[in-house]
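Throughout, read-outs are computed from the coordinates displayed, never taken from laboratory work. What you see is a predicted model, and the numbers here were worked out from it, not measured in a lab. Cβ coordinates were reconstructed from backbone atoms using ideal geometry, including for glycine residues, and neighbour counts include every protein chain displayed.
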Amino acid sequence: MPTNLPPKSMELEKRYREARRLEDKISTLKEYIGSIPEHKGTMKLRAHLRTKLAKLNDELEAEKNRKAGSAGRTPFDIKKTGAAQVVILGLTQSGKSEVLKALTNVKVEVGNRPYTTLRPVVGVMNYKDIQIGIVEAPALMEGASQGKAWTPQVFGLSRNSDGIMLLVSADKNPEAQLGILVNELELAGIYPGKGDSSRVEVEITATGGIKVFCLKNFQGQPNRIGEIAREAGIRNALVRILDETTEEDLRRAMLVNVVHKPFLVVLTKTDLVSAEDVECFKNRVGSRFKTVAISTKTGEGLEDLREEVFGFLDIIRVYPRRPGRLEPDRPVVLRKGAKVANLAAQIHTELQRNFKFAKIWGSSAKYPGEKVGIDFELGDGDVVEVYTG
Ligand SMILES: Nc1nc2c(ncn2[C@@H]2O[C@H](COP(=O)(O)OP(=O)(O)O)[C@@H](O)[C@H]2O)c(=O)[nH]1
Ligand SMILES: [Mg+2]
C-alpha cells in the first residue's frame, strides 16, 4: 500500500478490505480504483487491482451459476469423460450436431432452425481402446468474446478442453467462418498451439524490476521488453521466453491470461461443393491448421476425422503388463513425449519409487522386450512391463 495516495483512496481501500460480501468487495474495489490518481507511480498498483477485480467478477459469475443450476450445477459444468475432452465449436448450422452424432452415436437434435443447441451436449468417441469425450458447444456468434449469450461459458469449456475442433461449412464461405472463430478465440485469450506450454511466461513479482530469461528466443528489440511491460502496467516480473516469441506474443502474455490449445479445422458438408473447392480450402488453410474435409451425408472423410481427433490431441496409449502375465491391462493415456517414469507414476507411486527397469514391446522398442531405464521415451501402442526391486 503506497503511502502517497490521497486520503479518499486510503479510506476506500479500507472499506474494500473490510467488505465481506462479494458484491460489496467488487463495488468498493471499483470506487477505490477510480479514486487512484493516474500517474506512473501508481501504475503497478492499478494494474494489480484491475486483475483482482477481474478475479472477483469471475468468482461472482461462478457463484451465480452455482445458484442458478438446479442441482447446484450449470449445464456447462461438464465432468471430463474419457482420456481427453474435445470441444466442437462453430457458427450455427455448421454441422456440429451431425458431427457429434457421427463420431459418438449420441442422440442430438439436428435442426434446420439456427441455434438448436443451447446447452453443451456430450458424447463419447471410442477409438483404439480409449474413450474421448466430445462436447458440442452452443453456436459461437460474432462478438462472442464481448460476452453475448452463453459464450463466456463456451470459452470456459474451451479453456478446460484438451483440444478444439473448429467446424466451418463448405457452402458458406468457410474461410470467413474460420476467421470469425479464430478471432473470437484469440480475443478470449485462447490461441492455437501445444496444450501444455505457452511460449512465454510472465510471473509478476514484488520487486526486482523486469528480469528476462532466454532472451535469445525473443525476436523483437530487447529494449522493447521493458516498454511493453510498462504499457501493461507491470514493473516487476520474471519473463521466461521458452520458445520463439514476437513482441506481439509478449504483449498478449502480459495483458491476458493466454492459453494454448490444439486446433483442428473441420470443413463440413463437402457434398455441397466441388472437389476443387475442397482442395482450394485445404491448400489455403492447411499450412496454418490441421484440416480435415468431411460430409456426414456421404460419410466422406469421417474415418480420417476420427484418426485426426486422436492425433491432434498429442496423446499416446501405453499398455502396462504385469510381469508374468500374458495379456496387458487397459491402456494408460499419456502425453506424447512421456517417459517410463510418467507411466510408472500413473500406475502407482510405489512403482516409480522402487523402479529397477522396464521391458518394452512395440514401435519404440529396438527389439521385442528391450530393457530400458526410467527416462526412456514411450510411443503409441507400446506394451510395457515395469520391474521393481
Ligand atoms: N448436405 C449436407 N448437409 C448437412 C451436413 N451436415 C449437416 N447438414 C445439415 O446442416 C444443417 C445444420 O446441421 P447441424 O448439425 O444441426 O448444425 P449445428 O447447428 O452446427 O449443430 C442441418 O439441416 C443438417 O441436415 C452434410 O454433411 N451435408
Ligand atoms: Mg447443433
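From its DSSP helices (H runs of at least four residues, each -39,500 (n - 2.57)), the chain gives a residue-normalised ellipticity at 222 nm of -10500 deg cm²/dmol. Each label was represented as a point 7 Å from its Cα along the Cα-to-Cβ direction; for Glu307 and Asp271 these points are 2.3 nm apart. The share of C-alpha pairs in the chain whose separation exceeds 32 Å stands at 50 percent.
The trypsin sites (Lys or Arg not before Pro) of the range 287-389 that DSSP puts in a loop, and whose beta carbon has at most 16 other beta carbons within 10 Å, are Arg288, Lys297, Arg321, Arg325, Lys336, Lys366. Computed over the alpha carbons of the range 151-285, Rg followed by Dmax gives 18.4, 61 Å. Dividing the mean sequence gap of close Cα pairs (under 8 Å, 6+ apart) by how many residues the range 200-246 holds gives a relative contact order of 63 percent. Among 206-213, 100-107, the peptide with the highest mean count of other Cβ atoms within 10 Å heads the list, and the full ranking is 100-107, 206-213. On full extension, the segment bounded by Ser35 and Lys172 gains 44.3 nm, given 0.36 nm per residue less the C-alpha separation. Computed over the range 315-388, the range of Cα coordinates on each principal axis works out to 26, 25, 22 Å, biggest value leading.
Taken over the C-alpha atoms, the range 7-68 has Rg and Dmax values of 12.7, 42 angstrom. At R0 = 56 Å, how high is the FRET efficiency between Asp375 and Glu279 if r is their beta carbon distance? Nearest 0.05 is fine. With a Förster radius of 56 Å, E is 0.80. What does the charge dipole of the chain about its Cα centre add up to, to the nearest 20 debye, if the Cβ of each Lys and Arg holds +1 and the Cβ of each Asp and Glu holds -1? The calculated dipole for the chain is roughly 1420 debye. Full extension of the segment from Glu203 to Thr349, taken as 0.36 nm per residue of separation minus the current Cα-Cα distance, would add 49.5 nm. Ordering of 218-225, 128-135 by packing is 128-135, 218-225, highest average first (other Cβ atoms within 10 Å, averaged per residue).
Ordering Ser94, His260, Thr51 by Cα displacement along the dipole of the chain toward the positive end leaves Thr51 in first place; charges were set at the Cβ atoms of Lys, Arg (+1) and Asp, Glu (-1).
Among the listed pairs Lys339/Lys371; Lys107/Lys128; Lys96/Lys290; Lys172/Lys290; Lys55/Lys336, those whose Cα-Cα separation exceeds 24 Å are Lys55/Lys336.
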